[in-house]
1. Could you tell me which helices of the chain pass both thresholds, a Cα extent of 30 Å or more along their own axis and a mean Kyte-Doolittle hydropathy of at least 1.0, with helices taken as whole DSSP H runs?
2. Per residue of the chain, what 222 nm ellipticity follows from adding -39500 (n - 2.57) for every DSSP H run with n ≥ 4, rounded to the nearest 500?
3. State the extension gain, in nm to one decimal, for the chain segment bounded by TRP178 and SER148, taking 0.36 nm per residue of separation less the distance between their alpha-carbons.
4. Let me know the shape class of the chain, please: from the alpha-carbon gyration tensor, a ≥ b ≥ c as square roots of the eigenvalues, rounded when a/c is under 1.5, otherwise prolate if a/b is greater than b/c, or oblate.
Amino acid sequence: FLHASKIGTLAVVGPISQLYTLITAILGIIFFHESFGLAKGIGMFLILIGVALLGVKLSKIHTSDSRLLAGVPHALASAIGTGLYLFAIAISSRTNGWFLTVLIIRIAMAITTVCILRLQRFDFSTLRTQTPWKSILAAAILDVSSFSLYSYIIAHYEVSTVTVITSLQSAVIVLFSWIILKERLNKQQVVGFLIALAGLISLQLR
């Protein structure tokens, strides 16, 4: 996802990465036997359509000339991996408790990152002078806080519902990319975003 954000438009790859909600929701319905009705089905369909409009640049002349925008394949790969990852978190949170799940995952991520950097012969001395620590610290606090809250909630409520609600972060990503990064969406992408948002709302209806 970070690589997709680097090479693509954040307002596009952000919402596309939210496809993980569909994967996690479907797994929750299948393996946890969670509720599934017409509203959920319509919601999932709308999200797929919305994401397609967000991520594919259509030619005005020949649809065969359609091509994926930069970062979209990476965002899709991120969505698949995240969907499976969050379902595994749901299993662990319900079995081992949310705190132990968060602790083990964050320790494992830190160790894995350090090992990868050492294999790449990364110069750790550059961290003291070339790292925006204030931004990273703020992101880390928000990440740990939100991840802990998610792990706690998902242990007590339906995985398919909770995960889909969290995907509303796509609206926040688009908003901040517009305000801070000055990114713009074309008409097709605006329609795609609104359709995806409608799908998210539909998933919460009963």
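None of the figures in this text is laboratory data; all of them are computed from the coordinates on show. Quick caveat: nothing in here was measured; it's all calculated off a predicted structure.
1. The qualifying helices are 98-119, 133-154.
2. Taken over the chain, the calculation gives -23500 deg cm²/dmol.
3. Answer, rounded to one decimal: 8.0 nm.
4. Judged from the Cα gyration tensor, the chain comes out oblate (a/c at least 1.5, b/c at or above a/b).
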